[in-house]
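Step one of this worksheet: look at the structure below.
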Amino acid sequence: MEIPERYDSKEAEPRWQKHWEEHGIFKFDASDTRRECFSVDTPPPTISGKVHLGHAYSYSQQDFIVRFQRMLGKNIFYPFGTDNNGVATERLVEKMKKVSARNMPREAFIQLCSETVEKELKPEYVQDMKRMGMSFDFSLFYDTIDTHARRISQRSFIELYKKGREYRKDAPAMWCPQCRTGISQVECEDKEVDSFFNDIVFKVQHKDGRAEDVVIATTRPELLPACVAVMFNPEDSRYQKFKGMDVAVPLFGQTVKAIADKRVSLEKGTGIVMCCTFGDQTDMEWQKAYALPIKTAIGPDGKMTSVAGKYEGKTVHEARKEMLAELKAAGLLLAQKAIKHAVKVHERCGTEIEILKTKQWFIQYLDLREEMLEWGQKLNWYPPHMRHRYEHWVNGLQWDWMISRQRFFGVPFPVWYCKECEGVILANESDLPVDPLKHQAPVSACPKCGCVSFVPESDVMDTWATSSLTPLISTELVKDPEMRKKLFPMSLRPQAHDIITFWLFNTVVKSRLHFGVNPWKDCVISGHAQDPHGRKMSKSKGNVVEPQAMIAKYSADALRFWAAGSRLGEDLPFQEKDLVTGEKFATKLWNAARFSFLHLADYKDEKMKLELVDRWLLSKLSRIVTDATAHFNSYEYSKTKSDTEAFFWRVFCDNYLEMVKDRLYNPQQRGIEARRSAQYGLYHALLTVVKLMAPITPHITEEVYQRFYAAHEGKKSVHIAAWPTAGTVDEDAERVGDFLLEAVEHMRRAKSEKKVSLKTPVKKMFLKGKISTEEFSEILPELKSVTQAGEVEYERLPESAETAFICDLEL
RNA sequence: GGGCUCAUAGUUCAGCGGCUAGAACGUCUCCUUUACACGGAGAAGGUCACCGGUUCGAUUCCGGUUGGGCCCACCA
């Protein structure tokens, strides 16, 4: 058998990827309703250019699991989706094409986004995924903005509306005055700014008509016209006397109540604070808790409204400056203290966000907190502690789920409003997907008031409103309803820990609201790839590593081998040197295979009585198979990898191969049966190692499998070969074989200390141990050939002896 | 501020109520040996973060402290 000396991963990996694709190795069989299915709710990545190392890390980990399940013989449903819905794509396209969504026709911008995604971003991204060796069935493909996903997303909206779970109302929401849209938390970032604490005098009005000054510190004096209350901590002895009193706001003169609330810090500022609608999150909570009026001083364009009186039309900064001047002139500005503090800005444009009352759509779920906790408990979490993050999030929920955005490239709400009564008119389900801006409402007159003109909803849904439907979007790619029942609820949700509160939580909520069941049985939470110092990789820090470059320099197998090196859920710092280990593993496997195949050319798979050393090896291997299978079943791929690697390197290569050489090379002395027994051990041990490692390093294992085993085993790929089953554990063989190993190691140490070659013959060897003389005779030929010993003497020690191994050597 | 998590060799990680605490990479010494020098054999390298507790015995279990990381909240 001609086998090249070197394994060239750069040539081999793309070749096998092509082979898998051409032979449909990863294809889901939609017609096979008898086989057990394993359905995976794949995370659809946002395509913002290339695959990131963080993706390579966590996607590799889910691929280990899927490949293992495939080898168990299951019908694997492993679709691939992308999430190009929403502001992330808009931002990228604006940057790439140097356009601004606000300055071009809506339709043209949407078109540009679609085309850029389809023609420029997606092909490269998919190629990256394939190059990593991902075993997706790429024929099961979706995008959260495609027609299929839009239809399902709109259908979900309509169903939840009909269930009474959705409402539209004026509510405070974060708003970017620059981009003029409501935005979500994920779209904000903190920015350190220089500012001032301004000590401003308010007047407390006592019952007897007396007025008392109270000093309130604020960084945002322009919100004085929006002040609706002043707050202090109930524990604060300085202000308790003011409780329930009226307070006059300077410059604008409105009278507000003084309210005690424990959310006020005793230390910050002067300990008494103004509540404005709305300066921050706490203001929203207070407004709601005390049913305070809402006074909107800042408009959607970032300018002061008529509430600000003569300041109307001025910008926030102009108004701030002018009000401070006026306060100072009136002697109401006591002091200004320079501070640095963090403000929330829109990550896209750096504009400070405002909280404005706008009309938004919400999914009502705050009433379901107890149920949410139960749903979380019914999921199988791997690792289990990840459930705490879900629970922590649920316990901290303050608001219903806001799903509308004033953006463009998203799924439209399938809704029109009656011009007269503002009644909601829903699209017909059979017409989905619709765009109300382009399509007519499905009724000719409002069913409530008979009005015949309608206003289309121009908002789009937030991306999470759609991506929380991936179990539906993916399983509905399958047409057969019987098969769909086998796929949903899905077997597995793999994802990283940072989006438990977003994607995982939202998906559970939607599935429960629609179907009353959890969307999956198990969820596997992976960690993050970090930079070499254990910090998060991010473009702004400039510490991002591109997996494509690493694959080109090393191999996909090397990258995957690295990704298999940490415990499930743990973050792993990336150091380039760690990729060398995976490369070395592939080389070692290649060379071990070359040796094995050289001696297996005449191999026949027949049952026979095995020699002790072979039984020793296969018994050790049986233990590895048992453990590896158990670990993989609980998604602990890293343990499978480390156990298998240790067995392969330490036991199989370093020792077993040395022990069988004499029998393989010299059948004339050792006998043909002895050689055949060694062949049996070689064949099965190597094949088992190849299979155990196949999910982790799919390319080198495929190469080895195809070079020899495919012809014997009759499978088109190792990845659809049967996962190994454990053989018998032979404790006697292990005991005797371990004694042999101890003797060999003793000899090696002695030769190394004497700084001589391992080939140097041993003149005499005196051994004492607890194995029987018959047992010793079974390992004597191996002992002699491996150690190059001439004369060997053995003495059996009594069971009561303190040591079980004594060895003297004469070199 | 809250939640979770981690702390073991120079580095990245395993591990375990009791052996001499392991692996890989790195360092040093030796060995061309018929699968592999992209290799092999061997060595050096650890107060298992710190302080208490439980225990015959703790690196391991419990409590606390310190430090790192991620997420969430706050930021008048």
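The values are calculated or read from the model by the stated rules, or taken from the named source; none is laboratory data. All values reported here derive from a predicted model rather than from experimental measurement. Please note: Cβ atoms are built from the backbone with ideal geometry, for glycine as well, and neighbour counts cover all protein chains shown. Each accessible area value is taken on the protein alone, full model and side chains, heavy atoms only, with ligands, DNA and RNA left out. Shrake-Rupley method; radii C 1.70, N 1.55, O 1.52, S 1.80 Å.
So here's what we get for this one:
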| quantity | calculated |
| --- | --- |
| Size-normalised alpha-carbon gyration radius of segment A:49-190, reference 2.2 N^0.38 Å | 1.30 |
| Solution diffusion estimate, µm²/s, Stokes-Einstein, segment A:291-435, Kirkwood Rh from C-alpha pairs, 25 °C, viscosity 0.890 mPa s | 118 µm²/s |
| Cleavage-rule hits, trypsin sites (Lys or Arg not before Pro), segment A:1-101, DSSP coil, Cβ neighbours within 10 Å at most 12 | A:Arg6, A:Arg34, A:Arg35, A:Lys98 |
| Dipole magnitude (debye, nearest 20) for segment A:169-313, charges at Cβ of Lys, Arg, Asp, Glu | 580 debye |
| Kirkwood hydrodynamic radius of segment A:131-246, from inverse mean 1/r over distinct Cα pairs, in Å | 21.0 Å |
| Diffusion constant of segment A:310-395 at 37 °C, which comes from Stokes-Einstein with the Kirkwood Cα-pair radius and 0.692 mPa s, µm²/s | 177 µm²/s |
| Loop-located GluC sites (Glu not before Pro) in segment A:571-664, at most 11 other Cβ atoms within 10 Å (DSSP) | A:Glu606 |
| Estimated FRET transfer efficiency when R0 is 25 angstrom, pair A:Thr803-A:Glu753 (beta carbons, to 0.05) | 0.80 |
| Rounded to the nearest 20 debye, dipole of chain A from Cβ charges on Lys, Arg, Asp, Glu | 1360 debye |
| Three-way shape label, segment A:14-53, alpha-carbon gyration tensor, a/c 1.5 | oblate |
| Point-charge dipole on Cβ atoms (K/R +1, D/E -1) for segment A:21-61, about Cα centre, debye to 20 | 120 debye |
| Descending principal axes extents, segment A:74-145, alpha-carbon based, whole Å | 52, 20, 16 |
| Spatial extent of segment A:486-535: Rg and Dmax, with the Cα atoms as the point set, Å | 13.7, 45 |
| Whole-Å semi-axes of the ellipsoid equivalent to segment A:450-512 (Cα gyration tensor, √5λ, descending) | 29, 20, 9 |
| Rounded to 10°, Cα long-axis angle of helix A:505-515 versus longest principal axis of chain A | 80 degrees |
| Dipole of segment A:477-557, positive direction: furthest Cα of A:Leu504, A:Gln530, A:Val545, with charges on the beta-carbon | A:Leu504 |
| Angle in degrees between helix A:637-646 and the longest Cα principal axis of chain A, rounded to the nearest 10 | 30 degrees |
| Cα-based equivalent ellipsoid, segment A:177-294: semi-axes from gyration tensor eigenvalues, Å | 26, 15, 15 |
| Ratio Rg/Rh, restricted to segment A:179-232 and using Cα atoms, in which Rh is the Kirkwood radius | 1.15 |
| Of A:Asn591, A:Ser619, A:Ala630, farthest towards positive along the dipole that unit charges on Lys, Arg, Asp, Glu beta carbons give segment A:578-638 | A:Ser619 |
| Cleavage-rule hits (trypsin sites (Lys or Arg not before Pro)) in segment A:422-498: DSSP loop, at most 12 neighbouring Cβ within 10 angstrom | A:Lys438, A:Lys479 |
| Kirkwood-based Rg to Rh ratio, segment A:444-602, C-alpha trace | 1.19 |
| Whole-percent carbon and sulfur share, accessible surface of chain A, 1.4 Å | 50 percent |
| Segment A:398-536: projected area of the alpha-carbon convex hull, averaged over directions, in nm² | 12.2 nm² |
| Over segment A:665-811 - Rg/Rh using Cα atoms and the Kirkwood inverse-distance radius | 1.07 |
| Per-bin percent of Cα-Cα distances, segment A:342-384 [10 Å] | 19, 22, 24, 32, 3 |
| Reduced Cα scattering model of segment A:58-109, Debye log10 I(q)/I(0), q = 0.14, 0.24, 0.28, 0.30 Å⁻¹ | -0.58, -0.92, -1.09, -1.15 |
| Chain A: translational diffusion in µm²/s, Stokes-Einstein, Kirkwood Rh over Cα pairs, 20 °C, 1.002 mPa s | 68 µm²/s |
| Spread of Cα-to-Cα distances over 10 Å intervals beginning at zero, given as percent, for segment A:655-694 | 32, 46, 18, 4 |
| Most positive-pole-ward Cα, A:Val307, A:Leu687, A:Val343, against dipole of chain A from beta carbon charges | A:Val307 |
| P(r) of segment A:713-779 over all Cα-Cα pairs, binned every 10 Å from zero, in whole percent | 15, 31, 21, 18, 14, 0 |
| Crossing angle, helix A:122-131 versus chain A [Cα axis fit, 0-90 degrees, rounded to tens] | 30 degrees |
| Convex hull volume per residue for segment A:552-662, taking Cα atoms only, in Å³ | 132 Å³ |
| Accessible area (Å², per residue) of segment A:465-569, counting only protein heavy atoms and a probe of 1.4 Å | 34 Å² |
| Under the Debye formula (equal points on every Cα, no solvent term), log10 I(q)/I(0) of segment A:590-648 at q = 0.20, 0.22, 0.26 Å⁻¹ | -0.93, -0.99, -1.05 |
